[in-house]
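Input: a single structure, listed below in structure tokens.
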């Protein structure tokens, strides 16, 4: 069963490429006491992820952070080298953290894994976005299809922010 609003994000250690090499990111520590946007997607360099999903968060990062978001993190079942290169290509820089879930353990713990073997991708992530406050899911949007990106987009999260 997928994670729902009001539930605590499961503990996980994700990976991030830094100037000093691969770094472990303790998700529980990262979320503690902060409002963070996590968004997951099927894979770096895949069509919808590259043309719409990640670029939307990069473009809207300043507006999302102005609304009180401490961090925005893109999570994919890829390796840290791929995530770093993809993030660099899209100008993620300090706007969007590029985190990987190399063995899909975190994605499975969320109940958001799917089998994309038919596309040659194996186990991957559903396309989703969630707003997390102090480790608790405040809102979550999971797309009906991996080809959709409207409800999990940065634009949708901005539209949902009260005026």
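The values are calculated or read from the model by the stated rules, or taken from the named source; none is laboratory data. Here the structure is a predicted model, which is why all the values come from computation and not from measurement. Every residue, glycine as well, gets a Cβ built from its backbone with ideal geometry; the counts of neighbours run over all protein chains shown.
At a glance:
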| item | result |
| --- | --- |
| Residue in region 44-64 that is part of a helix (DSSP H, G or I) and closer than 17 Å to residue 9 by Cα present | no |
| Residues (closer than 17 Å to residue 135 by Cα, surrounded by fewer than 18 Cβ atoms within 10 Å (Cβ to Cβ) and in contact (Cβ under 8 Å) with a residue 12 or more places away in the chain) located in region 26-68 | 26, 28, 32, 33, 34, 35, 68 |
| Residues of region 118-139 that turn out to be at pLDDT 95 or above and crowded, with 17+ Cβ neighbours inside 10 Å, as a count | 7 |
| Which listed residue, of 71, 85, 92, is closer than 20 Å to residue 18 by Cα, in contact with a strand residue (DSSP E or B) (Cβ under 6 Å, 6 or more places away or on another chain) and surrounded by fewer than 20 Cβ atoms within 10 Å (Cβ to Cβ) | 71 |
| Unique residue being out of contact with any strand residue (DSSP E or B) (no Cβ under 8 Å at 6 or more places or on another chain) and at negative phi when the list is 145, 139, 152, 125 | 145 |
| Pairs, first at positive phi in region 84-107, second in a loop (DSSP other than H, G, I, E, B) and crowded, with 20+ Cβ neighbours inside 10 Å, C-beta under 7 Å, six or more apart | 104/77 |
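Residue-wise test of (1) within 16 Å of residue 107 (Cβ to Cβ); (2) modelled with pLDDT under 95.
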position	(1), (2)
15	yes, no
19	no, yes
22	no, no
35	no, no
47	no, yes
50	no, yes
